[in-house]
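Nothing in this text is a laboratory measurement; each read-out follows from the coordinates by a stated rule. This one's a predicted model, so the numbers in the text were calculated from it and none came from an experiment. Here the Cβ positions follow ideal geometry from the backbone for every residue, glycine too, while neighbour counts run over all protein chains shown.
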Amino acid sequence: MTGWDWAILAAFIIYALQAGFRERAVASQSLEEYFLAGRSLPGWKAGLSMAATQFAADTPLLVTGLVATAGIFALWRLWIFALAFLLMGFLLAPSWRRVGVLTDAELTEVRYGHGAASALRGIKAIYFGTIVNCTVLAMVLLAATRLAEPFLLWDQWLPSGLFDVFVHIVKWGAVPFTVGGLEAD
């Protein structure tokens, strides 16, 4: 990397850390401030954020796999996500905001009461919190290693620097948002 590359990288890291620490005082006031930006985030920003989470390192692998196995026709199934995000943003999000809940588990409890909702919350916690999240995380990490292999030459330096890249990604990417909450932009 050249000096300009390092300067751009350093500027981004400084900006991200500064944004996280700038919003720390506000985000630490309550869970609502931390996770929901005090309910002050415009709907389009929240929707764009939700849609952006769908474009991870594994998305190109999914698209390539669909085209390779079933042809370009298989990509039509991805349009359902656009429809789903529009429905979430314009039909479901206002209802969630009106109820004043923080999570979908709270919404379930408000809708079905404490008895039935407790069992459903437990099932959802186990299913989504372990099975689905671990599977998705494994796919994303596998995609990241597959994309990085040609550039990083893992076989030549595997023992000495295997986790350095991931440590830096977490340190410089996750820390500002963990400290500053959702408003750390």
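Overview of results
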item	result
Label-point separation, residue 169 to residue 124 (7 Å along Cα→Cβ), nm	2.9
Estimated inter-spin distance, residue 111 and residue 62, nm [label 7 Å along Cα→Cβ]	2.3
FRET efficiency for residue 7 and residue 141, using Cβ-Cβ distance with R0 set to 30 Å, rounded to 0.05	0.50
Within the stretch 3-183: Cβ-based charge dipole about Cα centre, in debye rounded to nearest 20 (Lys, Arg +1; Asp, Glu -1)	540
Of the chymotrypsin sites (Phe, Trp or Tyr not before Pro) in the stretch 90-141, those whose Cβ has at most 10 other Cβ within 10 Å and which sit in DSSP loop	none
Amide H partners (placed H, <5 Å) of residue 58, local residues excluded	none
Segment residue 148-residue 70, length gained on full extension (0.36 nm per residue, minus Cα span)	25.5 nm
Cβ-based net charge around residue 91, under 14 Å, with every Lys or Arg adding one and every Asp or Glu removing one	+2
For the stretch 77-172, size of Cβ-based charge dipole, Lys and Arg +1, Asp and Glu -1, in debye	420
The stretch 89-126 and the stretch 6-66: distance between their alpha carbon centers, rounded to Å	23
Largest-first principal axis extents of the Cα set of the chain (Å)	57, 49, 30
